[in-house]
Amino acid sequence: MFSGIVAAVGRITRIDPLEQGVRLTVDTAGLGLDDVALGDSIAHNGVCLTVIGIDGRNAQFDVSKETLNCTAGLDAPGEVNLEKALRLSDRLGGHLVSGHVDGVGSVRSFERVGESHELVIVAPKPLARYIARKGSITVQGVSLTVNRVADVEDGCEFSINLIPHTVQVTTLGSLKAGSRVNLEIDLIARYAERMMAAEDKQ
C-alpha cells in the first residue's frame with residue numbers, strides 16, 4: 001500500500017526487453033535505498049513494481065507486458081514519481097493507494113490559475129462512476145482531490161487544483177494537453193460500488 005505522497009522524482013535510464021515485458025533501470029535520485037531490500041515495492045507513476053536489483057542509487061524492476069498495456073510512462077526513458085511502500089507506523093498523508101492502476105486518462109488542459117494550476121483530465125468511461133467531487137484520486141501516483149466532475153461522451157472530465165509545491169516536487173508540472181496519465185480510483189469508491197452491486201442481487 002501507498003499514500004500517494006511522492007517521495008522523489010527519479011528517472012528511467014535504461015529499458016531492456018524481456019520475453020514478456022521489459023526490465024527497467026531507474027535512477028532513484030533522492031529516494032534513498034538504504035532501507036530497501038530485494039522484493040520490496042516502489043511505486044512508479046502510481047504503478048507498484050518489485051525491486052529485483054540494487055546498485056548504488058539505481059534499482060531494477062521487471063514490468064510485464066500486461067502492465068505495459070494498461071499503464072502509461074513505463075515504456076520509455078524519462079522522469080517518474082517514486083514512493084516506497086507504507087510501513088504500518090507511517091503517517092497517511094494522502095489516501096490509501098494500492099499501486100494498481102485502474103485506467104489511463106488524457107490531459108485536456110493544464111493551465112496556471114493565480115499561484116496554482118488547474119489540471120483537467122478525461123477519464124475513460126469505466127472509471128467515470130467512481131470519480132466524485134471532493135473525492136480522492138491518484139494521478140501519476142500523486143494523491144489529489146477532485147474539484148469538479150462532469151460526464152462527457154467518452155467518460156468523464158474532472159479538474160484538480162495543484163498547489164505550487166505539488167508542481168515543483170512531482171512530474172505533474174511537465175504535463176500538457178494530450179499527455180496520458182495513470183489513474184487509480186479511491187479504494188473506498190471501489191468497495192462501495194461492490195457492496196451496492198451485491199445488495200442489488202439479494
Task: For the chain: accessible area per residue (Å², 1.4 Å) - done: 54
TODO: In debye, nearest 20, what is the charge dipole magnitude of the chain about its Cα centre with +1 on Lys and Arg Cβ and -1 on Asp and Glu Cβ, if you could check?
DONE: 300
Task: Whichever aspartates and glutamates have a C-alpha closer than 15 Å to that of residue 65, once near sequence neighbours (fewer than 8 apart) are set aside - done: 16, 19, 75
Task: Packing rank of 68-77, 145-154, 99-108, where each peptide gets the mean count of other beta carbons within 10 Å, highest leading - done: 99-108, 68-77, 145-154
Open item on the list: Restricting to DSSP loop positions (anything but H, G, I, E, B) with no more than 16 other Cβ atoms inside 10 Å of their own Cβ, which GluC sites (Glu not before Pro) remain in region 1-91?
Closed with: 19
Task: region 1-64 versus region 67-91: alpha-carbon centroid distance in Å - done: 7
Task: Solvent-accessible area, 1.4 Å probe, carbon plus sulfur percent, for region 35-124 - done: 46
Task: Within straight-line cross-link reach of residue 84, aspartates and glutamates at Cα separation under 16 Å, skipping those fewer than 8 residues along the same chain - done: 27, 34, 35, 40
Task: Loop-resident sites, region 27-91, for trypsin sites (Lys or Arg not before Pro), counting at most 10 other Cβ within 10 Å (DSSP) - done: 87, 91
- [ ] Select one label from (1) 12.0; (2) 12.7; (3) 13.7: the one whose number is mean projected area of the Cα convex hull in nm² as derived from the coordinates shown.
- [x] (2)
Open item on the list: Placing +1 on the Cβ of each Lys and Arg and -1 on the Cβ of each Asp and Glu in region 1-49, which of 38, 13, 48 has its Cα farthest towards the positive end of the resulting dipole?
Closed with: 13
Task: For residue 146, net neighbour charge (Lys/Arg +1, Asp/Glu -1) across residues whose Cβ lies under 10 Å away - done: +2
Open item on the list: Just to verify a number: what accessible area does residue 176 come out at with the full protein assembly present, 1.4 Å probe, Å² rounded to tens?
Closed with: 140
- [ ] For every helix of n ≥ 4 consecutive DSSP H residues, a contribution of -39,500 (n - 2.57) applies; sum these over the chain, divide by its total residues, and give [θ] at 222 nm rounded to the nearest 500 deg cm²/dmol.
- [x] -4000 deg cm²/dmol
Task: Angle between the chain longest axis and helix 187-201 axis [Cα atoms, degrees, rounded to 10] - done: 50
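The values are calculated or read from the model by the stated rules, or taken from the named source; none is laboratory data. Since we're looking at a predicted model, the values are computed, not measured. Quick reminder, even Gly has a Cβ in these numbers, built from the backbone with ideal geometry, and neighbours come from all protein chains shown. These area figures cover heavy atoms from the full protein model, side chains too; ligands, DNA and RNA do not enter into them. Shrake-Rupley method; radii C 1.70, N 1.55, O 1.52, S 1.80 Å.
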